[in-house]
Amino acid sequence: MDKRKPDRAVSQRAIATIGGIILAIGGGTVWLALNSRDPAPTPTPTNSANSTTNSPNTPQPVPVPETAEIYWLQDRGNKLELVGRPVTLDKAASKSPNAILAQAFVRLLAGPNATDDKISTSIPKGTKLRSVTVQNDTVTVDLSQEFNSGGGSAAMTGRLGQIIYTATSLDPNAKVIISVDGKPLETLGGEGLELEQPLTRQTFQKNFPL
């Protein structure tokens, strides 16, 4: 009988135990190594407010012109023609559309410069500006009673064009409402030109050709 067999069996059990310990230690080391890594950085969110502000599709405010045009009448021989003249605004005055057009109308109603004999006006002398208001795409011009006095059909048409074109000098596509002493004008002057308001440059050209 071989007496060394028990020693060999003990040795095999010892080797198996040691191997298990080594595997356990190795697995723990790998686990520690994996969990000791720095976590992935959290991405910084994009500032949506800044991206919206800087977006090329963001609508930009439309600047208001600092000059307006006054429209006079010029005799072309066989007909009258509306001609615009730029007016320089007071630098110290407000640059709002209301203030710009108010300055333009005050100068229009004062009449043309005496040295410029190529232009004239058919707006009755003494006509005063009561108010001018710009709201969205509509300009309301309120004039004194003198505006509705005297003149034939050519004079009526001419003065109507002067008001409409001056009122729309900041926005040629704007609509115009003309009032006299606070009431929308339905007929103009002794010839009784009937007005369908609001008026535009396009409706004037169509319905009231000079």
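The values are calculated or read from the model by the stated rules, or taken from the named source; none is laboratory data. No experiment lies behind these values; they were computed from the predicted model shown. Using ideal geometry, Cβ is built from the backbone for each residue, glycine included, and neighbour counts are taken over all protein chains shown. We work out accessible area using only protein heavy atoms, side chains counted, and drop any ligands, DNA or RNA first. Shrake-Rupley method; radii C 1.70, N 1.55, O 1.52, S 1.80 Å.
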Under Karplus coefficients 6.51, -1.76 and 1.60, residue-wise ³J(HN,Hα) of the range 166-179 in Hz, glycine/proline x: 5, 5, 9, 5, 7, 8, x, 9, 5, 9, 10, 10, 9, 10
Note, ³J(HN,Hα) from phi for the range 143-152, Karplus 6.51, -1.76, 1.60, rounded to Hz, x at Gly and Pro: 10, 7, 4, 4, 4, 9, 10, x, x, x
Residue-count net charge about K118 - beta-carbon cut-off 14 Å; Lys, Arg +1, Asp, Glu -1: -2
Amide hydrogen neighbours beyond the local backbone of S131, cut-off 5 Å, H modeled: D142
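Please give the length that would be gained between N113 and T133 if that part of the chain were fully extended, namely 0.36 nm times their separation in residues minus their C-alpha to C-alpha distance (nm, one decimal). Let's see the in-between values first.
Working: separation 20, 0.36 × 20 = 7.20 nm, distance 2.63 nm.
Residue separation times 0.36 nm, minus the Cα-Cα distance, leaves 4.6 nm.
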The range 60-181, dipole about Cα centre (Lys/Arg Cβ +1, Asp/Glu Cβ -1), debye to the nearest 20: 100 debye
Interchain or long-range residues, amide H under 5 Å from I70's placed H: R85, V87
Label-point separation, E196 to A99 (7 Å along Cα→Cβ), nm: 3.8 nm
FRET efficiency, 1/(1 + (r/R0)^6) with R0 41 Å, evaluated for N173 and S149 via beta carbons: 0.85
Under 18 Å from the S120 label point (7 Å along Cα→beta-carbon), backbone N, the range 132-151: 149-151
S94 accessible area, 1.4 Å probe, all protein chains in place, Å² to nearest 10: 60 Å²
Zone of K183's modelled label, taken as backbone nitrogen in the range 106-144 under 13 Å from a point 7 Å along Cα→Cβ: none
